[in-house]
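Working notes, beginning with the structure itself.
The values are calculated or read from the model by the stated rules, or taken from the named source; none is laboratory data. This is a predicted model, so every value here is computed, not measured. With ideal geometry, Cβ positions are generated from the backbone for all residues, glycine too; neighbour counts draw on all protein chains shown.
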Amino acid sequence: MNLTEAQKQKVATWINEGLKLAEIQKRLESEFSLRPTYMEVRFLIDDLKLMPKDPEPPAAPAVAPAAPLAAPAPAAAGAGHVSVEVDKIPRPGALVNGTVTFSDGQTAAWYLDQTGRLGLTPAQADYKPTAEDVKAFQLELQTQLQKMGF
């Protein structure tokens, strides 16, 4: 694609403005009556030794996202002790499994299947752990699995 020096300068200006290659392709057609393919525009940008700008990251939200992420740590700390054990030999159908003892002393069997689903089977059929204990269990399980290389 043959462009005049003025046209090359215009393309450089568009790149500096942050236009994407598809937008430059449209402008080449509308302003210079050229119909380059997308690949031709890529080659042009490369030939001119220009580097398209990365898009600006979105502005940070007014409320810092760290607040919700930090919530499990204090909740887990006040929930008492939750311990997680990982069985050495996984049961059939499980990638990994083991037992958990919640802060109130109740126990449950847990498993992680090959699709990544986490299952929990309490020893007492109607038992439901507190939300804080569930969070503490998930954090402790994550720690144990990371130690094992999962």
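Could you check the stretch 9-40 and list, in sequence order, the residues that are surrounded by 12 or more Cβ atoms within 10 Å (Cβ to Cβ) and not in a helix (DSSP H, G or I)? Those that are surrounded by 12 or more Cβ atoms within 10 Å (Cβ to Cβ) and not in a helix (DSSP H, G or I): Gly18, Leu19, Lys20, Leu34, Pro36. Of the residues screened, Ala6 is one that is at pLDDT 90 or above, on the phi < 0 side of the Ramachandran plot and exposed (fewer than 11 other Cβ atoms within 10 Å of the Cβ). Within the stretch 110-119, not a single residue is exposed (fewer than 11 other Cβ atoms within 10 Å of the Cβ), over 18 Å from Gln146 (Cα atoms) and either touching a residue at least 12 places away in the same chain (Cβ under 8 Å) or among the β-branched types (Val, Ile, Thr) (or both).
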